[in-house]
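See structure below.
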Amino acid sequence: MVAHLNRKRRDPVRTRRKVKTLKINGLDVSGTDEQTILEVARENDISIPTLCTLEGLSNIGACRICLVEVEGARRLLPACATLIDEGMVVKTKTPRVVEYRRKLVELLFAEKNHYCAVCVSNGHCELQQLAEDLGVDHIRYPYVYPELNVDATHAELGVDHNRCVLCQRCVRVCDELEGAHTWDMMDRGENTRVVTDMHQNWGESKTCTECGKCVQVCPTGALFKKGSAVGELEKETEFLPYLKVMREEQ
Amino acid sequence: MEKVKIGTIWLDACSGCHMSMLDMDERLLELSERIEMVYGPLVDYKTIPENVDVFLVSGSVSTDKEMDYVKKIRENTKIVASFGDCAVTGNLPSMRNPVGTRDILQEVYSQEGNPCSQLPGMSEDTPLPRLLKRARPVHEVIEVDQFIQGCPPHADLIHLIVSELLEGRTPRRGIRTMFG
Ligand code: SF4
Ligand code: FES
């Protein structure tokens, strides 16, 4: 009953949209069959915390912060990557999902080295904001402290893997909007990293157009503009949906 | 009314949390009528006192000596609060953790051109506290009842939480503050 991902949307042959009605937190709402639970929730002022999703980019369900309960589904489902369906009953704030979200955020802090006090994004960071929203006051898991590097070979931009939450926004914006596909992922599990080109230094990348979109969409200080001091880097993502529309019209 | 016994300590930290405490300004006078400071950087008391009501622990646990301190504090205290981000998350002291103890001492104390050839706290008979393998947030070592976030925590936040603690409440999760 539950359809994943919004593939349909990329289908060039647009079939007629169908209206679906469903319940979110007891409220009767409706949307078209091309919309995700998250989109319909937002249209109705129901907030669901998110991290990897970003308006203007495709949805890949990478972070699971947006998990919701759907009646009849055994697992919790990512609201950003689940299409609505007729008669669906969705709950976004049950103790179970709230606890799962908290755990996910705590695990993100535990698995990398987020020294917020000396980070360029301190105070403007989406990960910090999530922790605050979810009432995280300490990390219940032992910190891993992996040895990670910083690639500062690019003249103006840099990547600090200590701060990367693997949301893949950089990968998507570079591929889907800039069309360069400089960023990608390598390895798996705890060794997963974002890479430029075939794991070459960013500064030597043949494909990077130096547009800087990846820096703007990165939710943490992992991608940064060189020369920014602590807490100085504020990112802007509002341009994305417009850019997407413009590209599509071309 | 009997005064509430309060202790504060700074472990591996920069003292900023205590400076921020002083930023409570005239509110300190109000508080001083209700509390008795039994331990802290400005109190000349050599051992952790017994029967403490509230202990504010700032800094991460980074040496064997600090480990002894926090254990004693837990034994002798009703409510232990992690005070500031170094205590809550490990923060800057924990930046050495991915590097390793020996390597970081080597880097700092015996760089080329540095006349000091010994690594402090590494020999068997040293009187100095020894660095633990990792700088750790306080709650990884002892049970913690309250977390006061910030680098340093804002004076208003300290005042709010200390006032709640004086009333015998531990306001976990009720207060919104930036994490990390
Ligand atoms: S570098 Fe930033 S945008 Fe890219 S995956 Fe990591 S956190 Fe996400
Ligand atoms: S926001 Fe939905 S999975 Fe990341």
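Coordinate-derived values only; no laboratory data. Computed from a predicted model, the values in this text were never measured in an experiment. Methodologically, a virtual Cβ is constructed for each residue, glycine included, from the backbone with ideal geometry; neighbour enumeration extends over all protein chains shown.
General observations
- Aspartates and glutamates with Cα under 13 Å of B:Lys72, excluding same-chain neighbours fewer than 8 positions away: B:Glu50, B:Asp64, B:Glu143
- Chain B shape via C-alpha gyration tensor axes, a/c threshold 1.5: prolate
- Working from label points 7 Å from Cα in the Cα-to-Cβ sense, the A:Ala73 to A:Lys91 distance is 1.5 nm.
- For the peptide B:84-90, the mean number of other protein chain Cβ atoms found within 10 angstrom of a residue's Cβ is 3.
- Just checking the listed ones, B:Ser110, B:Ser62, B:Ser20: in the Gaussian network model of chain B with Cα springs under 10 Å, the one fluctuating most is B:Ser110.
- Legend: mean number of C-beta atoms from other chains within 10 angstrom of residue C-beta atoms, peptide A:196-204, equals 0.
- Computed [θ] at 222 nm, deg cm²/dmol, chain B (DSSP H ≥ 4; -39,500 (n - 2.57); rounded to nearest 500): -8000 deg cm²/dmol
- Rounded, prolate or oblate (a/c below 1.5 giving rounded, otherwise prolate when a/b exceeds b/c) for the protein assembly as shown by Cα gyration tensor: oblate
- Hydrodynamic radius by Kirkwood, which averages 1/r over all alpha carbon pairs of the stretch A:110-249, in angstrom: 15.8
- Order of A:Thr209, B:Thr8, B:Thr170, A:Thr220 - criterion: other Cβ atoms within 10 Å of each residue's Cβ, fewest first: A:Thr209, B:Thr170, B:Thr8, A:Thr220
- Translational diffusion of the stretch A:130-182, µm² s⁻¹ [Kirkwood Rh, Cα pairs; Stokes-Einstein; 37 °C; 0.692 mPa s]: 233
- For B:Met1, B:Met178, B:Met19, order by how many other beta-carbon atoms lie within 10 Å, fewest first: B:Met1, B:Met19, B:Met178
- With both residues required to sit in the protein assembly as shown, DSSP beta bridges show an antiparallel share near 55%.
- Note on A:109-118: average number of Cβ atoms from other chains within 10 Å of each residue's Cβ is 5.
- The stretch A:124-155 versus the stretch A:48-99: alpha-carbon centroid distance in Å: 23
- When the trypsin sites (Lys or Arg not before Pro) in the stretch B:1-32 are filtered for DSSP coil states and for at most 16 other beta-carbon atoms within 10 Å of their beta-carbon, the remaining sites are B:Lys3.
- Gain in span if fully extended, A:Glu232 to A:Lys244, counting 0.36 nm per residue against the direct Cα distance: 1.6 nm
- Out-of-range pairs (alpha-carbon distance over 26 Å; input B:Lys71/B:Lys133; A:Lys112/A:Lys213; A:Lys112/A:Lys235; A:Lys93/A:Lys244): A:Lys93/A:Lys244
- Where labels lie 7 Å past Cα in the beta-carbon direction, separation of A:Arg16 and B:Ser32 in nm: 8.0
- The angle separating the long axis of helix A:95-111 from the principal Cα axis of greatest extent in chain A is about 10 degrees.
- Neighbour counting of Cβ atoms within 10 Å sorts the residues A:Leu134, B:Leu42, fewest neighbours leading, into B:Leu42, A:Leu134.
- Loop sites in the stretch B:1-68: GluC sites (Glu not before Pro), DSSP, at most 12 other Cβ within 10 Å: B:Glu2, B:Glu26, B:Glu33, B:Glu50
- Added length on full extension, which subtracts the Cα-Cα distance from 0.36 nm per residue, A:Arg64 to A:Asp187: 42.3 nm
- A:His199/B:Arg169 FRET efficiency (R0 51 Å; Cβ-Cβ; nearest 0.05): 0.45
- When you restrict to C-alpha pairs under 8 Å that are six or more residues apart and normalise by the size of chain B, the relative contact order lands at 26 percent.
- Among A:Asp133, A:Asp197, A:Asp160, the largest mean-square fluctuation in a Gaussian network model of chain A (Cα springs under 10 Å) belongs to A:Asp133.
- Classified by the C-alpha gyration tensor, chain A has an oblate form. Its axis ratio a/c, with a ≥ b ≥ c, is 1.5 or above, and a/b does not exceed b/c.
- Each residue of the stretch B:33-43 was assigned a 3J(HN,Hα) from its phi angle through the Karplus curve 6.51 cos²θ - 1.76 cosθ + 1.60 (θ = phi - 60°); the sequence is 6, 9, 10, 10, 7, 9, 7, x, x, 9, 9 Hz, with glycine and proline shown as x.
- Chain A, helix-only ellipticity at 222 nm - DSSP H runs n ≥ 4, -39,500 (n - 2.57), divided by all residues, nearest 500: -6000 deg cm²/dmol
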